[in-house]
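Below: the structure, in structure tokens.
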Amino acid sequence: MRHAQLTSLDLPDFGSPMTEPELHRDIYAARLKQLFARMAASSLDALVIYGDREHAANISWATGYDPRFEEAICIIVPGRAPTLLAGNEGFPYAEMAIGSFDRVLWQPLSLMGQPRGKYRDLASVLRESGMKKDMRIGLAGWKGFETDDGVFDPHWFETPHYLVEALNGFGTVTNAALLFMHPTDGLRVINEVEQLARFEYAATLASNAVRRLILGAKPGMSEYAACRNMAFDGFPQSVHVNMSSGPRAKYGLPSPSMRVIEKGDPIVIGVGLMGALNCRAGFMVAEASELPKNIRDYVDKLVAPYFAAAAAWYETIGIGVEGGVLYEAVMSRLADPFFGIGLNPGHLIHLDEWVHSPIKQNSRMRLASGMALQCDIIPATGTPYFMSNIEDGVALADAPTRAAFQAKFPEAWKRIESRRAFMTEKLGITLKPEVLPFSNIPAWLPPFWLSPGKVMAMR
């Protein structure tokens, strides 16, 4: 029987992107056709998409426009071009978007204190965009609301009140987030090859940043100084950098600070770019003997069973696999309350870090080709053992999708093949053919950051 154990192993350099995959206008045209078809199947006469800087994924998928500073509203009525409402700063910026739509300046979307001299009533703008009385209107923000048993409530909205109120004047309004975010057939859940290539690009950048931080972080540095090693290039972020050490590290989410990293500290890093997130956690020591006496079995008690569960995740995931089966593969190994698993052991990822998750207890939802998913298993022990973390992304791709990916993006495909070989041959994790690892630190887990050449592997 295989076991997770600490092994001396160098992490290869899988390379950095020399070209950036792009989404062209024909992709957005095809998406609009998909959207019209999905609206018809849902008996919707109109669809309104709301977005802002933090919640841009749905509106960006449809239009290619990601709001900066402001909110944005997209009105879609079959038979005419979508209408994009933007504020003072967003209106000229929207010219850069690749999708096809009519731009309209609606100044209440602007920041407070900015000019409002061209204000128009929202109801009038909606009518000009094709809205009529007695329509069945879908309103998509950035999430829907479900009960514990997964029943979706279409009458809860997380969009602004003013928008819901205005739309109520035209007909019946329901939450349409699932059109984009349903965990098996949402429009953003099954991705084009080009979109998957964009995610691989983002994941390579994010994981390279995590790698550079771990290799460069040393006692005596401030957290800010350690983060400078990441060498970001400006690709859009999906979340704030999570980086903390010492007493703050147990919370997982804090941003870096001026705190000086000390030898023996627990430490965690998470980097999220649009399409990717990579996290790692461990201790700022070279070996177990440098830990406090009461946790010197850190690897045996926490890291080894955790890594074995992560390896099971990677070996189980695949096209057609039920979410409940993947859940059980992990949780059967980490069921002890000591591990403190409180979230789904994995989820769908897109421009936003968390779309939805079919990976939950007893889930019969099947994973499909075109999905981008995150291995996201977080043992929060709440004890001096702290935690371990190995968070990376993969895509699922059937044979035709893999062939298309290789033909269109040979540079990225070479990285994917090298990562697969590393995971199989060096880490002892066997992947199904359809599993494409996107991270440049694929399943790489050094529990002691001052000895990054000692990592977990299945033997």
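The Cα atoms of the range 25-181 give a gyration tensor whose axes a ≥ b ≥ c have a/c under 1.5, which makes the shape rounded. Put in line by how crowded their Cβ is, counting other Cβ atoms within 10 Å and starting with the fewest, S110, S245 read S110, S245.
Checking the Cα-Cα distances for K218/K250; K408/K432; K143/K301 against a 30 Å cut-off, the pairs over it are K143/K301.
Tell me, in nm to one decimal, what length is gained between A288 and T383 on full extension, where the rule is 0.36 nm per residue of separation less the Cα-Cα distance?
Between A288 and T383, full extension yields an extra 32.5 nm.
Karplus-derived 3J(HN,Hα) values for the range 380-392, using 6.51 cos²θ - 1.76 cosθ + 1.60 with θ = phi - 60°, are 9, 6, x, 10, x, 5, 6, 7, 9, 7, 9, 10, 9 Hz; glycine and proline are entered as x. Taking all Cα pairs closer than 8 Å and separated by 6 or more residues, the relative contact order of the chain comes to 16 percent. In order along the range 107-122, phi translates into HN-Hα couplings of 5, x, 6, 6, 5, 4, x, 7, x, 10, x, 10, 4, 9, 4, 4 Hz, rounded to whole numbers, per the Karplus curve 6.51 cos²θ - 1.76 cosθ + 1.60 with θ = phi - 60° and x for Gly and Pro. Of the GluC sites (Glu not before Pro) found in the range 27-97, those that fall in a DSSP loop while having at most 14 other beta-carbon atoms within 10 Å are E54. Classify the range 263-417: rounded, prolate or oblate, from the alpha-carbon gyration tensor (a ≥ b ≥ c, eigenvalue square roots; a/c under 1.5 rounded; otherwise prolate if a/b is larger than b/c)? Prolate is the answer for the range 263-417, as a/c is 1.5 or above and a/b outweighs b/c.
DSSP beta bridges fully contained in the chain are about 75 percent antiparallel. Can you work out the Karplus-derived ³J(HN,Hα) for every residue in the range 83-91? Use 6.51 cos²θ - 1.76 cosθ + 1.60 with θ = phi - 60°, whole Hz, and x for glycine or proline. Calculated HN-Hα couplings, in order: 10, 10, 9, 9, x, 4, 8, x, 4 Hz. The amide H of V285, built 1.01 Å from its N in the peptide plane, has G264, W449, L450 as neighbours under 5 Å, considering only residues 5 or more places off or on other chains.
Residue order for S100, S332, S369, S60, fewest other beta carbons within 10 angstrom first, comes to S332, S100, S369, S60. Residue separation of E54 and Y162 scaled by 0.36 nm, minus their Cα-Cα distance, works out to 37.0 nm of gained length.
From the square roots a ≥ b ≥ c of the eigenvalues of the alpha-carbon gyration tensor of the range 151-264, which class results: rounded (a/c under 1.5), prolate (a/b over b/c), or oblate?
Verdict is prolate for the range 151-264.
Residues with amide H under 5 Å of A368's amide H, sequence separation 5 or more or different chain, H placed in the peptide plane at 1.01 Å from N; which? Those qualifying (amide H under 5 Å, at least 5 residues apart or on another chain) are G320.
So what's the back-of-envelope 222 nm ellipticity for the chain, counting only DSSP H runs of four-plus at -39500 (n - 2.57) apiece and dividing by all residues, rounded to 500?
Working: 12 runs with 126 residues, N = 459.
It comes out at -8000 deg cm²/dmol, rounded to the nearest 500.
Around the amide H of M221, modelled in the peptide plane, lie the amide H atoms of I261, all under 5 Å away and 5 or more residues distant in sequence or on another chain.
Taking other Cβ atoms within 10 Å as a rough exposure proxy, F307, F157, F36 sort from fewest to most as F36, F157, F307.
Only the coordinates and a few stated rules stand behind these numbers; no lab work does. Here the structure is a predicted model, which is why all the values come from computation and not from measurement. Backbone-built Cβ (ideal geometry, glycine too); neighbour counts: all protein chains shown.
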